[in-house]
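Taking it in order: structure first as structure tokens, then the write-up.
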Amino acid sequence: GENVEQHPSTLSVQEGDSAVIKCTYSDSASNYFPWYKQELGKRPQLIIDIRSNVGEKKDQRIAVTLNKTAKHFSLHITETQPEDSAVYFCAAPFDYGQNFVFGPGTRLSVLP
Amino acid sequence: GAGVSQSPSNKVTEKGKDVELRCDPISGHTALYWYRQSLGQGLEFLIYFQGNSAPDKSGLPSDRFSAERTGGSVSTLTIQRTQQEDSAVYLCASSLVRGGLNTGELFFGEGSRLTVL
């Protein structure tokens, strides 16, 4: 089955700096990699995802990069703002893409 | 509905009692997932339903946990003889499946916070 590791578990950055969170996965057949953001007391929500036919995807201040050979993908947040403070989860599919396993999460704190 | 709806939002129960948690997925979403999230922790997979296929129950932590999905829509997660370690937020999510392929995005409900005294 799929195994997803995520690092770091906690990350503190100054407002305006960049933040990078990395995930590794084990199933070479995985082809879809989402990132979810969970604010305190709220539900997880998808912020960006990438499919295996591309190496990078950007959406304003956030981007995701994928290295299929090394089986890792990363979330990049530039010009961080206090509202970026949250827990971020990566995920990878298994069971022929029918189910997902989540990483353990990264708690990001953006300090003013 | 507009989103995934879960009830109750909060449930306090005594150890040993049974509880039922309900999830109403987004209309047309055939895939439904239950996750458990303990305080400050990650998302622990419990069970997955897809259409008329047999559910994937591999994440259920014990035989006290069960779930059903009636008519391919609403799902109920039942915890029998609750224990204090069952205290957590139980999150339901649904997703769209087209042509047998999961389109990817999971839409989560607000969760049901269970406290076992």
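The values are calculated or read from the model by the stated rules, or taken from the named source; none is laboratory data. This is a predicted model, so every value here is computed, not measured. All Cβ positions, glycine included, derive from the backbone under ideal geometry; neighbour counts span all protein chains shown. Keep in mind that these areas ignore ligands, DNA and RNA; they rest on the heavy atoms of the full protein, side chains included. Shrake-Rupley method; radii C 1.70, N 1.55, O 1.52, S 1.80 Å.
The table that follows gives values for the structure above.
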quantity	calculated
Dipole of chain A, positive end: most advanced residue of A:L111, A:N99, A:V4 [Cβ charges, Cα centre]	A:N99
Accessible area in the full protein assembly, largest first, 1.4 Å probe, for A:V64, A:V87	A:V87, A:V64
B:E85 accessible area, assembled protein chains, probe 1.4 Å, Å²	130 Å²
Residue-level accessible surface for B:D63, protein heavy atoms, 1.4 Å, Å²	130 Å²
Whole-number percent relative contact order across chain B, with pairs defined as alpha carbons under 8 Å at least 6 apart	37 percent
Accessible surface of the range B:1-74, 1.4 Å probe, proportion on carbon and sulfur as whole %	43 percent
Area accessible to solvent at B:L96, 1.4 Å probe radius, in Å²	50 Å²
Förster radius 30 Å - calculated FRET efficiency between B:N52 and A:A29, Cβ distance, rounded to 0.05	0.75
For chain A, size of Cβ-based charge dipole, Lys and Arg +1, Asp and Glu -1, in debye	140 debye
Residue-by-residue Karplus 3J(HN,Hα) for the range A:13-24, coefficients 6.51, -1.76, 1.60, Hz, glycine and proline x	9, 7, 3, x, 7, 9, 10, 10, 10, 10, 10, 10
The range B:14-28 - phi-based ³J(HN,Hα) in whole Hz, Karplus 6.51/-1.76/1.60, Gly and Pro as x	8, 3, x, 7, 8, 10, 10, 10, 10, 9, 10, x, 5, 4, x
For chain A: relative contact order, % (alpha-carbon pairs under 8 angstrom, 6 or more apart)	37 percent
Alpha carbon centroid spacing (whole Å) that separates the range A:1-47 from the range B:4-30	27 Å
Where labels lie 7 Å past Cα in the beta-carbon direction, separation of A:S9 and A:D59 in nm	2.8 nm
Placed amide H near A:A91: partners under 5 Å, 5+ positions off or other chain	A:G103
For the range A:103-109, Karplus couplings with θ = phi - 60° (6.51, -1.76, 1.60), whole Hz, Gly/Pro x	x, x, x, 10, 8, 9, 10
For the range B:39-96: relative contact order, % (alpha-carbon pairs under 8 angstrom, 6 or more apart)	23 percent
Cβ-Cβ FRET estimate between A:T69 and A:S18, R0 fixed at 30 Å, reported to 0.05	0.80
Most fluctuating residue given options B:S73, B:S95, B:S53, as computed from a GNM of chain B linking Cα atoms under 10 Å	B:S53
